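Worksheet for the structure shown next.
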């Protein structure tokens with residue numbers, strides 16, 4: 001137990017090195033240009049590496065903890081799923097080229113610490129889909145993320161039961177099958193296959209069958225995909241954006257939302273679990289994708305308020321989910337306008 005705690009503490013400590021290095025103190029009054037300049041002066045390859053090593057050190061600590069009993073195994077499953085979400089978001093900034101100092105370092109760190117061990121698509125594929133295809137076209141009919149939501153059943157006129165099922169799609173048999181299929185599809189080379197096998201072996205050696213099941217399979221196949229899915233649902237007003245022309249910030253303000261704008265407790269909880277590393281500030285990121293997560297809160301002070309600022313994700317008339325439901329109930333689209341892949 002003491003060694004588990006030591007690993008968890010060591011991982012947390014390693015992660016703080018990057019946070020301290022990119023401290024926000026000098027960023028409070030800076031605009032986007034100033035934040036980019038500050039970010040460049042602090043860019044390096046070491047602290048991002050330590051940040052990622054810290055994530056995996058904590059995961060190892062959780063794997064060891066599974067041997068302490070079923071309750072600890074359940075806690076581990078949730079904790080590791082959260083760490084996988086963190087790794088996804090850290091690598092997301094690597095895809096944008098702002099995690100480390102060089103393009104090569106961003107690519108290598110993302111592949112070695114996230115894409116290979118988690119069985120994600122190659123970084124080049126993610127860059128094309130996310131940076132080139134999604135960002136300029138968010139909420140438009142050629143947005144691959146919107147196509148993914150449509151494929152899940154979130155289309156105009158969707159019945160209530162189908163809508164509710166789509167909210168937990170990764171936990172359904174269809175969702176689990178899709179996750180497993182994606183893992184196999186992403187195993188495009190021998191080293192990607194070896195990475196997946198090595199992950200399973202490390203989990204087993206560290207904590208036995210409990211770590212393999214509760215510390216790897218359940219988080220990767222069930223919990224982490226569900227957290228990522230909720231994050232996707234929370235990024236934009238997908239089904240009723242306010243079309244705007246003008247500056248990137250003004251355009252994004254009409255199709256993004258900002259969850260928990262006044263509730264600091266819920267905002268902190270989201271930022272430390274399912275909306276980590278700037279994902280809570282997705283509007284600011286959409287307006288200025290080249291800014292690291294550390295400076296997105298400061299950037300928000302210089303931006304327009306997005307057209308939807310809900311205080312709740314699930315509950316209440318003004319929640320994110322209820323807005324999506326109402327939009328799908330009232331919006332009609334010509335089927336010819338939908339991408340052929342989702343008809």
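Show me the three semi-axes of the equivalent ellipsoid for region 68-167, from the C-alpha gyration tensor (sqrt of 5 times each eigenvalue), largest first, rounded to whole Å.
Details: eigenvalues 151, 128, 16 Å².
Gyration-tensor ellipsoid for region 68-167: 28, 25, 9 Å.
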Along principal axes, largest first, the alpha-carbon spread of region 214-335 in whole Å comes out as 47, 38, 27
What share of all Cα pairs of region 101-217, in percent, falls into each consecutive 10 Å distance bin?
-> 12, 30, 35, 19, 4
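Taking the number of other C-beta atoms within 10 Å as the exposure measure, put 255, 24 in order starting with the fewest. Mind showing how you got there, number by number?
Values: 255 24, 24 15.
The fewest-first ordering by Cβ neighbours comes to 24, 255.
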Directionally averaged projected area (convex hull, Cα atoms, region 140-193), nm² | 4.8
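Just need the relative contact order of the chain here, percent rounded to a whole number, with Cα pairs under 8 Å and 6+ apart.
Working: 484 pairs, mean separation 73.8, N = 343.
Relative contact order comes out at 22 percent.
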Whole number please: convex hull volume per residue, Cα atoms of region 1-137, in Å³.
-> 129
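Semi-axes of the chain's equivalent ellipsoid from the Cα gyration tensor, sqrt of 5 times each eigenvalue, largest first, rounded to whole Å? List each step's numbers first, then the result.
Working: eigenvalues 192, 133, 75 Å².
One finds semi-axes of 31, 26, 19 Å for the chain.
For a quick check: sort 176, 321, 291 by the number of other beta carbons within 10 angstrom, fewest at the front. Before the final figure, lay out each step's value.
On the way: 176 15, 321 19, 291 24.
Fewest to most other Cβ atoms nearby, the residues stand as 176, 321, 291.
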Taking the Cα atoms of region 163-262, report the difference between the largest and smallest coordinate on each principal axis, in whole Å and largest first.
-> 54, 31, 29
What whole number of Å gives the distance from the Cα centroid of region 218-296 to the Cα centroid of region 172-212?
-> 28
Using only the alpha carbons, work out the radius of gyration and Dmax of region 252-312 in angstrom.
-> 10.6, 28
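Using the number of other C-beta atoms within 10 angstrom as an exposure proxy, rank 4, 256 with the fewest first.
Working: 4 20, 256 25.
Listed from fewest to most nearby Cβ atoms, that is 4, 256.
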Along each of the three principal axes of the Cα atoms of region 61-101, give the extent in whole Å, ordering the values from largest to smallest.
-> 42, 14, 7
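Values quoted throughout were computed directly from the atomic coordinates according to the rules given, and no laboratory measurement underlies them. Computed from a prediction, not measured in an experiment: that's the story for all the values here. All Cβ positions, even for glycine, are placed from backbone atoms using ideal geometry, and neighbour counts span all protein chains on display.
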